[in-house]
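The structure under discussion appears below in the form of structure tokens.
The values are calculated or read from the model by the stated rules, or taken from the named source; none is laboratory data. Worth saying up front: this structure is predicted, and the values here are computed from it rather than measured. Neighbour counts run over all protein chains shown; Cβ positions are idealised from the backbone, glycine included. We work out accessible area using only protein heavy atoms, side chains counted, and drop any ligands, DNA or RNA first. Shrake-Rupley method; radii C 1.70, N 1.55, O 1.52, S 1.80 Å.
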Amino acid sequence: MLSLSTDRSLPRVPRLTTALPGPRARTVIERDRAVTSPSYTRGYPLVAARGEGCMLEDVDGNVFLDLTAGIAVTATGHAHPQVVQAIQEQAARLLHMSGTDFYYEPMADLAESLAARAPFPVVAGAPRARVFFSNSGAESNEGALKLARYYTGRQQVVAFLGAFHGRTFGAMSLTGSKAVQRKGFGPLVPGISHIPYGTHAALDHLEQRLFATVLPPEEVAAIVVEPIQGEGGYIVPEDGFHARIRQICDRHGILMVVDEVQAGMGRTGRLFAIEHWGVEPDIITLAKGIASGLPLGAILARPHLMSWPPGSHATTFGGNPVACAAANATLVLLEAGLIENAQRMGSLLQAGLAELAVRFARISPPRGKGLMVAVDLLDKNGQPDRELRDHLVDCAFYKGLLLLGCGKAAIRFCPPLVIDADQIRTALDLLRQLAEEVF
Ligand code: PLP
């Protein structure tokens, strides 16, 4: 029997029983801080111990409502029983054998499923996509960049300001999000030009200025774009933006690479976010939600594009059997109702946030699709207010609500896709209380 809900024993509303952070949490934080890399960006002091659905318990027994899903990852909720069972059964059977050199069934199953669902043109008698498995979003984008250069024989790439594609050299070079993510790490991968995201004006600039002056389009291998910009602030592009990128790519033999690492796997109410615009890319990259929390990434490409020969690209761990088993279980759950739930709960969330925006001038109207939603926090002049955002996210923690920021001054809402109407109402109620206290 398929169960979409994962809540079993934790309360379904926040329950705080100690001051935060509690005594155990304080000890863990102290130990962790002494020995882990200072490059991590921890905000509030949450020490997670156990998760069920949308609820998260810390090491002191405090229970939080989680609207972060571990940075948009636990698509099926924390520890969904069907996903856990798939992981346990696969782990007991085969932990690892490297899909680079050998075959195993969970990888073939997952590749078939993804290929059958890829939003690429249907070619009679052939799969719609070929799939390469990696371990993360950065690795998927790294591989997509290599594939685009390899297939086209071209070196230049267009990416977007505000984009986030990961932290390895290729992915970091595509990223245009924050200076701290690049500063001190150069030289980066050459040949990547960034233009503003989401507007026709930016594409005019690309076509009329850059292509005509410094960037011959016949030297461009790919345009790499997020369907909705994630870390950049959950920015939904103007109507026709993606369709126009498709046209530009077609006109000049450029590959359209769509980074669905954050927006994909059902989060926006479609399996792939680009489906909202009816645009068929050439390459799609995935990670985050694909395996509900196990490390897995994927590159989906139209079949003829994967022309690279044996040995040209590979990885020891990518497509690990346990991660693939988790992803196979995740896909079943997404299609059994979670994608649809993301649509319905997303509408409810946006409606509630819109009411808050009417009531509180410091909250912008919401934007987003499905359960990829954000609002900006504004200063008295209506300008983005980063400090206020950080303060609100912090205060929410002390009320038992887990939130994350993104962009300049946005709060993003990217809960597990199992969230229900009561939990959305609880979150909105807590936000209203916070707004009354903070503004
Ligand atoms: N691409 C997008 C759109 C992302 O949001 C992220 C991470 O936030 C990445 C790529 C990088 O993924 P990872 O952190 O798994 O390398």
Check: Just wondering, is there one or more residues in segment 268-279 that are open to solvent by 20 Å² or more (accessible area, probe 1.4 Å), in contact (Cβ under 8 Å) with a residue 12 or more places away in the chain, within 13 Å of the ligand (Cβ to nearest atom) and not aromatic (Phe, Trp, Tyr)?
Finding: no
Note to self: Show the residue pairs meeting these rules: Cβ distance below 9 Å; 6+ apart or different chains; first residue within segment 35-59 and over 14 Å from Gly70 (Cβ atoms); second residue open to solvent by less than 50 Å² (accessible area, probe 1.4 Å) and among the basic types (Lys, Arg).
What the structure shows: none
Margin query: With closer than 17 Å to Thr426 by Cβ, open to solvent by 50 Å² or more (accessible area, probe 1.4 Å), at pLDDT below 95 and outside any helix (DSSP H, G or I) as the only criterion, which of Ser5, Ser9 stands out?
Written below: Ser5
Margin query: With the structure loaded, tell me whether Leu334 is in a helix (DSSP H, G or I) and either open to solvent by less than 10 Å² (accessible area, probe 1.4 Å) or hydrophobic (A, V, I, L, M, F, W, C) (or both) or whether it fails that test.
Written below: yes
Next item on the list: Can you give me the number of residues within segment 64-82 that are open to solvent by less than 10 Å² (accessible area, probe 1.4 Å) and either part of a helix (DSSP H, G or I) or out of contact with any Phe, Trp or Tyr (no Cβ under 7 Å at 6 or more places or on another chain) (or both)?
Entry: 9
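Residue-by-condition table, conditions (1) of a type in the set (D, E, K, R); (2) free of Cβ contacts under 8 Å to residues at least 24 places away in the same chain:
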position: Ser364; (1), (2): no, yes
position: Met372; (1), (2): no, no
position: His391; (1), (2): no, no
position: Lys399; (1), (2): yes, no
Notebook entry, point to check: Hey, among the residues in segment 195-216 that are loosely packed, with under 13 Cβ neighbours inside 10 Å and under 14 Å from His242 (Cα atoms), which one's nearest to the chain's Cα centre (by Cα)?
Noted result: Ala201
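Table: residues versus (1) assigned to a loop (DSSP other than H, G, I, E, B); (2) more than 16 Å from the ligand (Cβ to nearest atom); (3) touching a residue at least 24 places away in the same chain (Cβ under 8 Å).
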site: Ala115; (1), (2), (3): no, yes, yes
site: Ser140; (1), (2), (3): no, no, yes
site: Lys146; (1), (2), (3): no, no, yes
site: Arg149; (1), (2), (3): no, yes, yes
site: Arg154; (1), (2), (3): yes, yes, yes
site: Val157; (1), (2), (3): no, no, yes
site: Ala163; (1), (2), (3): yes, no, yes
site: Val180; (1), (2), (3): no, no, no
site: Lys183; (1), (2), (3): yes, yes, no
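For every residue, the table says whether it meets (1) more than 28 Å from Thr68 (Cβ to Cβ); (2) outside any loop (DSSP other than H, G, I, E, B); (3) within 14 Å of the ligand (Cβ to nearest atom); (4) not assigned by TED's automatic domain parsing to the domain that holds Gly289.
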residue	(1), (2), (3), (4)
Gly166	no, no, yes, no
Gly170	no, yes, yes, no
Pro187	yes, no, no, no
Tyr197	no, no, yes, no
Leu206	yes, yes, no, no
Ile223	yes, yes, no, no
